[in-house]
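Trainee: The structure under discussion is supplied below as structure tokens; questions concerning it will follow.
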Amino acid sequence: MYKIGEIVKCTITGFKDYGIFVKVDNNYDGLIHISEISESFVRNVKDYGEIGEEIYATILEIDEEAKHLKLSIKNTNYKVDGKSMKERDLDGFLPLKKHLNIWINEKIKEINH
């Protein structure tokens, strides 16, 4: 059903010092280990969400028998749309890409007049 590397929406169900527990759907639960929360030092896992909050996480491992997923939010925009930070950065440049040729042509016309 799920694949490693897939981004899934999940709901925070609990916290321990070592990670965040989530429910992915009616069959699967998951753990976001503290080492998979951030590239930076994580002082308190509760700083990254609240019980009942929906977040996005990337699947690292799947235990089909236990219906358990090991998850990561480390490089994921976990509170907005699940896209990686790299994807979001590229999205941020789309308006520039769409208008660049127009702006260049306008400037050329301005210079030639």
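Trainee: Report the far tail of the P(r) of the chain, meaning the percent of Cα-Cα pairs longer than 18 Å.
Mentor: Values: 3548 of 6328 pairs.
Of all Cα-Cα pairs in the chain, 56 percent lie more than 18 Å apart.
Trainee: Another question about this same structure. Counting helices only, and only those DSSP H runs with n ≥ 4, report the 222 nm mean residue ellipticity of the chain as the sum of -39,500 (n - 2.57) divided by its residues, in deg cm²/dmol to the nearest 500.
Mentor: One gets -7500 deg cm²/dmol as the mean residue ellipticity at 222 nm.
Trainee: State which entries of Lys3/Lys46; Lys46/Lys74; Lys3/Lys23 exceed 24 angstrom in Cα-Cα distance in the structure shown. Could the numbers behind the result be given before it?
Mentor: Values: Lys3/Lys46 27 Å; Lys46/Lys74 15 Å; Lys3/Lys23 16 Å.
Over 24 Å apart, Cα to Cα: Lys3/Lys46.
Trainee: Additional query: Work out, step by step, the length gained on full extension between Leu100 and Asp17: first 0.36 nm times the residue separation, then minus their alpha carbon distance; give nm to one decimal.
Mentor: Numbers: separation 83, 0.36 × 83 = 29.88 nm, distance 4.84 nm.
Taking Leu100 through Asp17 to full extension adds about 25.0 nm, to one decimal.
Trainee: If you don't mind, another one. Spin-label point model (7 Å from Cα, Cβ direction): what's the Glu53 to Asp25 distance in nm?
Mentor: If labels sit at Glu53 and Asp25, their model points lie 2.5 nm apart.
Trainee: Given R₀ = 25 Å, FRET efficiency for Lys3-Ala66 by Cβ-Cβ distance, to 0.05? Intermediate values should be presented prior to the final figure.
Mentor: On the way: r = 17 Å, r/R0 = 0.69.
Efficiency for this residue pair is about 0.90.
Trainee: Continuing with the same structure: Would you list, by chain and number, the lysines whose Cα falls below 24 Å from the Cα of Lys97, excluding same-chain residues fewer than 8 positions away?
Mentor: Partners within reach: Lys83, Lys86, Lys107, Lys109.
Trainee: Where does segment 26-85 land on Rg(C-alpha)/(2.2 N^0.38 Å)?
Mentor: Numbers: Rg = 11.7 Å, N = 60, 2.2 N^0.38 = 10.4 Å.
Relative to the 2.2 N^0.38 Å estimate, segment 26-85 comes out at 1.12.
Trainee: Kindly write out, for segment 60-77 in residue order, the coupling ³J(HN,Hα) from the Karplus curve 6.51 cos²θ - 1.76 cosθ + 1.60 (θ = phi - 60°), rounded to whole Hz, with x marking Gly and Pro.
Mentor: Those phi angles translate into 9, 8, 10, 10, 5, 5, 8, 6, 10, 10, 8, 10, 9, 10, 3, 10, 10, 7 Hz.
Taken together, the values in this text are just the output of simple stated rules run on the coordinates, not laboratory data. What you are looking at is a predicted structure, and each value in this text was computed from that prediction instead of being measured. Don't worry about glycine lacking a Cβ; one is built from the backbone with ideal geometry, like all the others, and counts go over all protein chains shown.
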